[in-house]
Every structure is written in C-alpha cells, then in structure tokens.
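The values are calculated or read from the model by the stated rules, or taken from the named source; none is laboratory data. Treat the numbers as computed from the prediction; the structure is a model and nothing was measured. FYI the Cβ positions are ideal-geometry reconstructions off the backbone, even for glycines, and counts take in every protein chain you see.
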Amino acid sequence: MNSDNITLQTKHTLPILYWDRFSDRLSAGVTTRQKGSSARPYDSLNLGTHVGDASTAVTKNYQILAEELQCNVNDFVTTKQVHETTIMQADKMINDEEADGLWTDKHDSVIGMVFADCIPLVFYAPEAHRAAVLHAGWRGTVAGIGSKLLERWAQDDVSQTEVYAFIGPGICRSCYQVNEDVVAQVPKALRRQTVTSLENDQYLLDLPTLNKELLVEAGMRKDHIDTTTYCTKCDSEFFFSYRGSQRTGRHMAFAKLCTKGG
C-alpha cells in the first residue's frame with residue numbers, strides 16, 4: 001500500500017506520482033512515462049538523454065514537464081549518473097558532471113535524477129528547507145548513498161531525525177533476481193528482511209525495503225519515510241523498466257523548493 005502522502009494525480013496535464021507531505025513547501029515526485037513525445041520503445045515521456053531516443057523528442061519532453069511544473073527548461077539540474085555515491089550541491093549548472101545525488105536549498109532550480117528500475121530517494125529537511133534526490137541502484141544502496149547524504153547534512157546541523165524521505169517506485173522484490181555476489185554485499189543483519197533464496201545461487205532482493213532499513217539505521221525515524229508499492233516492471237504502463245525491456249526510456253524523480261509557506 002502507498003503511504004497516505006503518495007498520490008498518482010494529474011494536476012495540469014501530466015500524470016505524476018507526487019509526494020505531497022510538504023506540498024505547500026516542496027514540489028516533489030516521480031514522473032510517469034505517459035503523455036510525452038517519444039516513439040517506441042521510449043514511449044513516451046522519456047527524460048533520459050543517453051538511451052538512444054531522438055534528441056528532439058527528449059527536448060520536447062523536458063518542455064512538457066517544465067510546463068507541468070510551471071518552471072523553465074533551464075531550471076532543471078541533472079548529472080551523468082554512474083551508480084556510485086557522489087552527491088553534489090546543485091548551486092550551479094552541473095549537468096555534465098558525474099554524480100548520483102543532488103541537493104539544494106535554493107528555490108530557483110529543479111533537481112532531478114532519471115530511473116528505469118533503480119530506486120529514487122527524495123529527501124526534505126523542513127527546518128533547513130533543503131531537498132535532495134538520490135539515485136539508488138543496488139551498488140549505491142549497499143554503499144550507503146542515503147546515509148552519505150544524512151552525514152553531509154549533519155555537517156550543517158541538520159539532524160537525521162528532522163529529515164523526511166520518499167522512497168519512490170523501483171523494481172520490486174518479486175521482479176529483482178540477483179546473484180550471490182550482490183547478496184554478499186547486503187548487510188547480514190538485513191538479509192532476513194530483504195533477501196529470498198532461490199535455486200542455483202540466485203536470490204530475490206527487496207531493494208526498496210533495504211533502502212528504508214538502511215535509512216533507519218542511519219538515524220531517520222520510520223514514520224518520516226514514505227513508500228510506494230508501485231513496481232517499475234509490474235506497472236510498466238506508468239514507468240520505464242530496464243529489466244522489462246533494455247531499450248527503454250527513463251522517468252525522473254524531481255524536487256523543487258517553494259518559498260517558505262508556499
């Protein structure tokens with residue numbers, strides 16, 4: 001079941017999975033693949049510039065999303081994602097730099113990461129009025145990309161217990177089969193909750209739950225973490241899935257700060 005603060009809705013023209021816990025102070029959520037301009041197999045709101053889609057279609061899709069979010073195309077700040085744990089402050093245009101996380105305390109940018117099965121992590125610290133978006137594949141997850149953000153914010157006296165998070169749609173446990181090399185990197189204390197053993201040294205990994213438990217271990221409160229039951233592979237009418245089709249597009253997890261009080 002989705003958390004109460006997670007709703008799939010169309011506010012203007014695009015269906016988006018919104019994180020509405022702080023809707024008066026933060027516009028955040030995950031786009032769907034619907035109502036864009038890309039042709040198959042990238043149909044249709046593909047926001048990945050690296051997947052082989054026509055650049056004109058991707059540019060048009062960013063224009064469509066900008067209209068939906070009531071911002072300018074130039075407001076989007078993204079990175080070259082490399083499945084590691086580098087997190088950058090989005091205080092300048094850094095679209096060509098390698099990182100799997102962005103954070104900001106400015107309200108004039110839309111930070112975003114793109115996905116097709118990996119787990120989107122969106123964070124908000126109400127007192128500090130700052131937001132972050134992280135890209136958590138299995139490598140970034142076991143390397144602690146979520147805890148690295150919390151550690152960075154703690155340097156600015158932002159306590160882990162003050163932070164809220166949205167774990168967005170990614171591939172679910174039933175759809176995510178991995179080998180023993182991957183499972184070996186999952187903390188032993190969390191394997192009972194997150195790993196199911198199959199035959200021939202194959203396993204099912206619950207990546208969303210693993211991210212949640214790691215955030216709790218890092219000091220976040222469980223009731224500050226919102227989750228969704230959408231699976232990118234099961235719910236392919238809404239989301240892109242690399243495991244479902246390797247030639248596919250990317251949806252985006254985004255965050256845009258509003259001025260305090262709305």
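Go through region 102-122 and report how many residues are touching a Lys or Arg at 6+ places or on another chain (Cβ under 8 Å), surrounded by 24 or more Cβ atoms within 10 Å (Cβ to Cβ) and part of a strand (DSSP E or B). So the count comes out to 4.
Restricting region 1-35 to residues that are of a type in the set (S, T, N, Q) and assigned to a strand (DSSP E or B) leaves a set whose member that is nearest to the chain's Cα centre (by Cα) is 31.
Just checking, does region 26-38 include any residue being in contact with a Pro (Cβ under 8 Å, 6 or more places away or on another chain), free of Cβ contacts under 8 Å to residues at least 12 places away in the same chain and within 19 Å of residue 235 (Cα to Cα)? Looking through region 26-38, none of the residues is in contact with a Pro (Cβ under 8 Å, 6 or more places away or on another chain), free of Cβ contacts under 8 Å to residues at least 12 places away in the same chain and within 19 Å of residue 235 (Cα to Cα). A single member of 205, 210, 198 is farther than 30 Å from residue 40 by Cβ and touching a residue at least 60 places away in the same chain (Cβ under 8 Å), and it is 210. Is it the case that residue 165 is surrounded by fewer than 21 Cβ atoms within 10 Å (Cβ to Cβ) and either more than 23 Å from residue 32 (Cα to Cα) or in contact with a helix residue (DSSP H, G or I) (Cβ under 9 Å, 6 or more places away or on another chain) (or both)? So residue 165 does not fit the description; no. Here the condition is being hydroxyl-bearing (Ser, Thr, Tyr), modelled with pLDDT of 95 or more and within 22 Å of residue 5 (Cβ to Cβ); of 203, 164, it holds for 164 alone. Are any residues in region 209-262 polar (S, T, N, Q), crowded, with 17+ Cβ neighbours inside 10 Å and assigned to a loop (DSSP other than H, G, I, E, B), and if so, which ones? 228, 232, 241, 248 - these are the residues of region 209-262 that are polar (S, T, N, Q), crowded, with 17+ Cβ neighbours inside 10 Å and assigned to a loop (DSSP other than H, G, I, E, B). When you check residue 79 against the structure, is it surrounded by 21 or more Cβ atoms within 10 Å (Cβ to Cβ), polar (S, T, N, Q) and out of contact with any Leu (no Cβ under 6 Å at 6 or more places or on another chain), yes or no? Criteria met by residue 79. For region 123-161, the candidate set comprises residues that are of a type in the set (Phe, Trp, Tyr) and either under 12 Å from the mean Cα position of the chain (by Cα) or part of a strand (DSSP E or B) (or both); within that set, the residue that is surrounded by the most Cβ atoms within 10 Å (Cβ to Cβ) is 123.
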